[in-house]
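Peer 1: I have a structure I would like to understand better, so I am pasting it below and will then ask my questions one at a time.
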Amino acid sequence: MTLATTRTRPAKLTIWRPFLVLVLREVTRLWKEKLGFSTRIATISLATVFVFDFIMPQLGNRGGGVASGYATILAPGLVAVTTCNQALTATLMSLVHDFGPLRRIDQTLMAPLPIPLLAVVRIIGGTLHGVFAAGIVLPIVTFVHAPGAPPAIDLGRWPLLLCTVVVAGLLFSALGILVGTSVNPAKAATLLPYGLPLMIMLGCVYYPWSALNVIPWLQYAVLVNPVIYVTEATRATLAPQSEHLPELVLIWVLGAGALLAMALGTARFTASTRR
């Protein structure tokens, strides 16, 4: 009995220790890139917020502007889309290195770790990028606005916001794994600038989903876009007084979507490593 116990414990440790080491490597990599990463995210977010939240509301009375309350609509949308974009992009970039000409994934496979857990490490890495990016954008959309027209957002619901951002990061990181292992990761990363803007523009970032009721066919067609559920969930968390999809629907779609994408993504990742 004693011999069996001493064999079981190291076997468990050989699985989880390498897993934690690889997760820590993802954290360390992001920390080393924090300056460039933060600068890139902040620059893009500041440019968008400056135009839509600072300039456009002040042009409202002269025509061509937007309503002063538009900042409340835009703020959650920018937090959501930045999370999705960075989680997806970071995961695809990791796959480009893993399955590129040098096949760096073969070195990682030498670790005593089940292959699906390697996919989980990549998903965690992408999620960290998404959460970190959301943390950069949130202060920008909160404090940069037209004079006297701050966004009416509720930061007291931050635990719900954190859960939403984490689940969104998991969902889009897993989608990155699924897409990057279904086609050549380098080609997927190259085509990303073509497909992602369409998902963003039709992802209810700049307007609530309910506003599309003037175009009924489009309002229901865009529901296949996962970005919508993240933007609407973030809007429900930060600005619960605004119109959004039912919270129960958002919880089920994001939760089930993240689990399904992770299951399919890890399966595809496992198949790709065995080629």
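The values are calculated or read from the model by the stated rules, or taken from the named source; none is laboratory data. Since the model is a prediction, treat every value here as computed from it, not as a measurement. All Cβ positions, even for glycine, are placed from backbone atoms using ideal geometry, and neighbour counts span all protein chains on display.
Peer 1: Which of the residues that make up region 45-54 are touching a residue at least 12 places away in the same chain (Cβ under 8 Å), closer than 19 Å to CYS84 by Cα and not hydroxyl-bearing (Ser, Thr, Tyr)? Give the steps one after another, and end with the answer.
Peer 2: Residues of region 45-54 that are touching a residue at least 12 places away in the same chain (Cβ under 8 Å), as a first pass: 45-46, 48-50, 52-54.
Add one more test, that the residue is closer than 19 Å to CYS84 by Cα, and what stays is 45-46, 48-49.
Scanning region 45-54 gives LEU46, VAL49.
Peer 1: Looking at (1) buried (at least 20 other Cβ atoms within 10 Å of the Cβ); (2) closer than 22 Å to THR48 by Cα, which is the one condition that is false for LEU196?
Peer 2: The number of the failed condition is (1).
Peer 1: Would it be correct to say that LEU171 is modelled with pLDDT of 90 or more, among the aliphatic types (A, V, I, L, M) and within 26 Å of ILE105 (Cβ to Cβ)?
Peer 2: On the way: modelled with pLDDT of 90 or more: yes; among the aliphatic types (A, V, I, L, M): yes; within 26 Å of ILE105 (Cβ to Cβ): yes.
Considered against the rule, which asks whether it is modelled with pLDDT of 90 or more, among the aliphatic types (A, V, I, L, M) and within 26 Å of ILE105 (Cβ to Cβ), LEU171 comes out as yes.
Peer 1: Just to be sure before I move on: is ALA256 at pLDDT 95 or above and under 17 Å from ILE123 (Cβ atoms) in the structure I sent?
Peer 2: Yes, satisfied.
Peer 1: Still on this structure, please answer the following. Does VAL121 count as at pLDDT 90 or above and within 21 Å of PHE37 (Cβ to Cβ)?
Peer 2: yes
Peer 1: Looking at this structure, is SER173 in contact with a Lys or Arg (Cβ under 9 Å, 6 or more places away or on another chain), more than 21 Å from GLY69 (Cα to Cα) and surrounded by fewer than 22 Cβ atoms within 10 Å (Cβ to Cβ)? Even if it seems obvious, please write down each step before you answer.
Peer 2: Working: in contact with a Lys or Arg (Cβ under 9 Å, 6 or more places away or on another chain): yes; more than 21 Å from GLY69 (Cα to Cα): yes; surrounded by fewer than 22 Cβ atoms within 10 Å (Cβ to Cβ): no.
So SER173 does not fit the description; no.
Peer 1: On to the next question. Can you name every residue in region 97-126 that is within 16 Å of THR190 (Cβ to Cβ), crowded, with 18+ Cβ neighbours inside 10 Å and of a type outside the set (Phe, Trp, Tyr)?
Peer 2: Kept after step one, since they are within 16 Å of THR190 (Cβ to Cβ), are these residues of region 97-126: 97, 99-101.
Okay, now just the ones that are also crowded, with 18+ Cβ neighbours inside 10 Å, so 99.
Residues satisfying the conditions do not exist here.
Peer 1: Kindly indicate whether any position in region 17-31 is out of contact with any helix residue (DSSP H, G or I) (no Cβ under 9 Å at 6 or more places or on another chain), at pLDDT 75 or above and under 30 Å from ALA152 (Cβ atoms). If you could, list the steps in order and put the result at the bottom.
Peer 2: Start the filter on region 17-31 by keeping residues that are out of contact with any helix residue (DSSP H, G or I) (no Cβ under 9 Å at 6 or more places or on another chain), which leaves 17, 20-21, 24, 28, 31.
Pick out the ones that are also at pLDDT 75 or above and you get 17, 20-21, 24, 28, 31.
After this cut, where a residue has to be under 30 Å from ALA152 (Cβ atoms) as well, the list is none.
Checking region 17-31: not a single residue is out of contact with any helix residue (DSSP H, G or I) (no Cβ under 9 Å at 6 or more places or on another chain), at pLDDT 75 or above and under 30 Å from ALA152 (Cβ atoms).
Peer 1: What are the pairs, 6+ residues apart or on separate chains, where a residue within region 103-115 that is under 11 Å from PHE269 (Cβ atoms) has its Cβ under 9 Å from a residue that is at pLDDT 75 or above and charged (D, E, K, R)?
Peer 2: ILE105/ASP98
Peer 1: Here is a follow-up. Select from region 147-165 the residues that are buried (at least 21 other Cβ atoms within 10 Å of the Cβ) and either in a loop (DSSP other than H, G, I, E, B) or touching a strand residue (DSSP E or B) at 6+ places or on another chain (Cβ under 9 Å) (or both) and list them in ascending order.
Peer 2: PRO151, ILE153
Peer 1: Can you pull out every residue in region 224-242 that is over 12 Å from PRO76 (Cβ atoms) and either surrounded by 14 or more Cβ atoms within 10 Å (Cβ to Cβ) or at pLDDT 95 or above (or both)?
Peer 2: ASN225, PRO226, VAL227, ILE228, TYR229
Peer 1: Checking LEU175 against (1) within 18 Å of the chain's Cα centre (by Cα); (2) without any contact (Cβ under 8 Å) to a residue 12 or more places away in the chain, which single condition isn't satisfied?
Peer 2: (2)
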